[in-house]
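Step one of this worksheet: look at the structure below.
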Amino acid sequence: MKKIISLHHWLGTFFCGLFLLWFLSGFVMMYQGFPYLSQAERIEMLSGGSNKELLSPKTVFEKDSISEIFQLRMNHVVNRPVFHLITSQGKLISRYADNGKKIVLNKELVQKIAAQNIQTTNNATIQKLTELDQWIPRTKYLQHMPIYKIEFEDKNNTLVYISSITGELLAINTYSERFWSWVGAIPHWIYFRDIRIHNTLWSQLIKWLAALGTIMVITGMVTGLVRYKKKPKAKFKRFKNKWYNYHYYFGLFFGVFVCTWIFSGWMSMTPFNWTPSTELSKEETLLWQTHPYTLSDFEEDNWSNFKNQIKNQHFKEISFTLFQGNVYAQVFMGDNSSLYSLNNSNSNLEIDTYQKVIALFSPENKVVESVLLKEYDNYYYSRHNDKELPVLRVYTVNDIAYYINPKTAQVVYKCGTKNRIQRWIYHGLHSFDFSFLAWNRPLWDIVVIILLLGGTILSFSAVGLGVKFVKRKNRKRKKKLS
């Protein structure tokens with residue numbers, strides 16, 4: 001027992017400040033996260049255009065060595081149509097759709113792109129970044145290097161980041177968002193640039209801190225229960241030191257919450273890679289597509305058919321995908337999108353079509369239920385309502401749910417038993433995304449604020465005890481030296 005108490009004292013002294021920071025930043029995280037440009041926001045800011053003089057992808061990329069396509073989109077950069085292609089090896093290539101030439105940017109054009117997307121006429125300062133900075137710290141941005149950083153002289157002190165490869169907006173944030181990030185998301189996620197740009201280092205750091213923090217809380221709960229058994233009838237002043245009293249009683253009331261909260265934070269990093277991917281495997285993807293997705297899928301006849309289908313339509317972006325040997329195009333027009341088939345066949349696919357393909361994934365993968373969801377369920381959902389609906393949910397006998405977006409003819413989420421467990425022990429325990437709470441505001445706010453307050457006071461009392469613990473150890477060390 002003494003070893004458990006000693007371990008708790010040492011871990012508590014080390015983690016008390018970090019826990020206090022996590023709980024305080026948690027209040028901010030309830031309402032403001034790290035600045036993030038969602039797909040819906042990005043598309044909404046795009047300027048539209050027509051389908052005049054659009055060459056086929058096969059013609060545009062004929063000089064590039066592309067064995068297989070991972071993603072293909074088309075939108076407009078300063079009113080000119082541009083294809084953006086990512087190969088199966090992750091290489092990003094962007095070419096103008098009217099002549100096949102690569103995009104070449106200069107500062108004047110970059111400012112024009114940024115001003116057009118955020119609709120401003122303010123002056124701006126432009127930097128050409130050759131390395132990631134605080135507001136684009138993730139390695140996914142490296143393929144866009146160099147990146148242009150534009151700082152507008154507006155009331156919001158808006159920062160815009162534009163890819164030199166695609167000419168597209170990568171990130172946008174305001175002074176207010178940056179301020180709240182410094183007191184919220186950055187300390188909460190340890191999103192400091194010099195740490196976050198090293199993805200493996202950042203991931204391992206979070207895992208170890210959360211794992212050791214979980215051990216600290218568990219040893220504290222064990223210590224508290226043992227002390228309670230020794231003095232079950234003791235009054236509130238169980239200890240002479242007020243810090244001990246505060247820490248003890250708040251630990252009894254909020255210890256379980258703190259334990260599950262830090263444990264769920266650890267689970268957010270999927271330690272030991274215990275959960276399977278939520279995307280189709282390579283084998284499943286090939287069965288879904290029928291054959292590898294290549295530029296050969298864009299023959300001139302099919303491309304001409306598609307251009308006739310969208311003739312004179314003003315679109316913002318087109319996303320191309322392959323399903324059962326046919327290319328489908330999701331065309332974004334304003335706030336809505338429509339699905340087109342390039343071979344001019346019926347683009348309204350039946351549920352049976354998806355079921356037959358999913359049944360091919362495994363001999364035992366029999367479909368037992370198919371439902372068209374018009375509302376979120378417990379596993380396909382978004383608190384910010386930025387996931388598309390309706391979505392087709394297909395359950396199999398293997399207890400796997402495939403969520404298919406009928407607007408794209410693609411599987412957007414694959415959820416097995418372990419993924420469902422992960423959902424509850426991460427989002428459920430960490431963000432309290434339970435249906436009876438998360439969609440009943442301000443009930444969710446009240447519950448979370450009370451729990452965060454308890455965790456904050458518990459951590460603050462731990463800081464006081466930690467200071468005393470260090471002083472006590474220091475005095476003992478000096479006595480031994482003397």
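The values are calculated or read from the model by the stated rules, or taken from the named source; none is laboratory data. Since the model is a prediction, treat every value here as computed from it, not as a measurement. So basically every Cβ, Gly included, is an ideal-geometry build from the backbone, and we count neighbours across all protein chains shown. Protein only, heavy atoms only, side chains kept; ligands, DNA and RNA dropped before computing areas. Shrake-Rupley method; radii C 1.70, N 1.55, O 1.52, S 1.80 Å.
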Where A359 falls short, out of the listed (1) without any contact (Cβ under 8 Å) to a residue 60 or more places away in the chain; (2) loosely packed, with under 15 Cβ neighbours inside 10 Å; (3) not polar (S, T, N, Q): (2)
- prompt: Of everything in the range 311-325 that's out of contact with any strand residue (DSSP E or B) (no Cβ under 6 Å at 6 or more places or on another chain) and buried (at least 18 other Cβ atoms within 10 Å of the Cβ), which residue is nearest to N117 (Cα to Cα)?
  reply: L322
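Would you mind stating whether N385 is touching a helix residue (DSSP H, G or I) at 6+ places or on another chain (Cβ under 8 Å) and either open to solvent by 50 Å² or more (accessible area, probe 1.4 Å) or not aliphatic (A, V, I, L, M) (or both)?
For N385, the condition - touching a helix residue (DSSP H, G or I) at 6+ places or on another chain (Cβ under 8 Å) and either open to solvent by 50 Å² or more (accessible area, probe 1.4 Å) or not aliphatic (A, V, I, L, M) (or both) - is not met.
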- prompt: Looking at the range 388-405, which of its residues are over 26 Å from M29 (Cβ atoms) and open to solvent by 50 Å² or more (accessible area, probe 1.4 Å)?
  reply: V397, N398, D399
task: Among residues belonging to the range 70-94 that are open to solvent by 50 Å² or more (accessible area, probe 1.4 Å) and not small (G, A, S), point out the one that is farthest from L46 (Cα to Cα).
output: Q89
- request: Quickly run through the range 30-58 and pick out the residues that are out of contact with any Phe, Trp or Tyr (no Cβ under 7 Å at 6 or more places or on another chain) and open to solvent by 50 Å² or more (accessible area, probe 1.4 Å).
  value: Y31, Y36, Q39, A40, E41, E44, K52, E53, L55
message: So for the range 472-480 (the condition being open to solvent by 40 Å² or more (accessible area, probe 1.4 Å) and touching a Phe, Trp or Tyr at 6+ places or on another chain (Cβ under 8 Å)), does at least one residue qualify?
response: no
query: Looking at I449, I425, which one is surrounded by 14 or more Cβ atoms within 10 Å (Cβ to Cβ), among the hydrophobic types (A, V, I, L, M, F, W, C) and either under 19 Å from the mean Cα position of the chain (by Cα) or farther than 21 Å from F253 by Cα (or both)?
result: I425
message: Please verify whether F34 is part of a strand (DSSP E or B) and of a type outside the set (G, A, S), treating the condition exactly as stated.
response: no
query: Identify, please: which residue in the range 452-482 is small (G, A, S) and not in a loop (DSSP other than H, G, I, E, B) and is, among those, nearest to F23 (Cα to Cα)?
result: G455
- line: Subset of the range 381-415, residues of a type in the set (G, A, S) and either modelled with pLDDT under 95 or over 27 Å from N273 (Cα atoms) (or both), comes to S382, A409
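Would it be correct to say that N378 is at pLDDT 90 or above, of a type outside the set (G, A, S) and either over 30 Å from Q309 (Cα atoms) or outside any loop (DSSP other than H, G, I, E, B) (or both)?
yes
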- prompt: Can you find a residue in the range 95-107 that is among the basic types (K, R), crowded, with 17+ Cβ neighbours inside 10 Å and under 29 Å from the mean Cα position of the chain (by Cα)?
  reply: yes
- request: Give me the pairs, please: first residue somewhere in the range 423-436 and among the polar types (S, T, N, Q), second residue anywhere and outside any helix (DSSP H, G or I), beta-carbon distance under 8 Å, and either six or more positions apart or on two chains.
  value: S431/R383; S435/N378
message: Step by step: first the residues of the range 59-69, then only those that are of a type in the set (D, E) and farther than 14 Å from E300 by Cα, then the one that is surrounded by the most Cβ atoms within 10 Å (Cβ to Cβ). Which residue is that?
response: D64
- request: Looking only at the range 94-107, decide whether some residue is in a helix (DSSP H, G or I) and either touching a strand residue (DSSP E or B) at 6+ places or on another chain (Cβ under 9 Å) or within 30 Å of K282 (Cα to Cα) (or both).
  value: yes
query: Tell me, which residue of the range 182-198 that is more than 18 Å from S268 (Cα to Cα) and among the charged types (D, E, K, R) is surrounded by the most Cβ atoms within 10 Å (Cβ to Cβ)?
result: R193
message: Residues to consider are N344, N365; find the one that is farther than 30 Å from L46 by Cα and either of a type outside the set (V, I, T) or surrounded by fewer than 19 Cβ atoms within 10 Å (Cβ to Cβ) (or both).
response: N365
query: Residues of the range 278-303 being surrounded by 14 or more Cβ atoms within 10 Å (Cβ to Cβ), in contact (Cβ under 8 Å) with a residue 40 or more places away in the chain and among the hydroxyl-bearing types (S, T, Y), which ones?
result: T278, Y293, T294
task: Please find, among S319, S370, S296, the residue that is in a helix (DSSP H, G or I) and among the polar types (S, T, N, Q).
output: S296
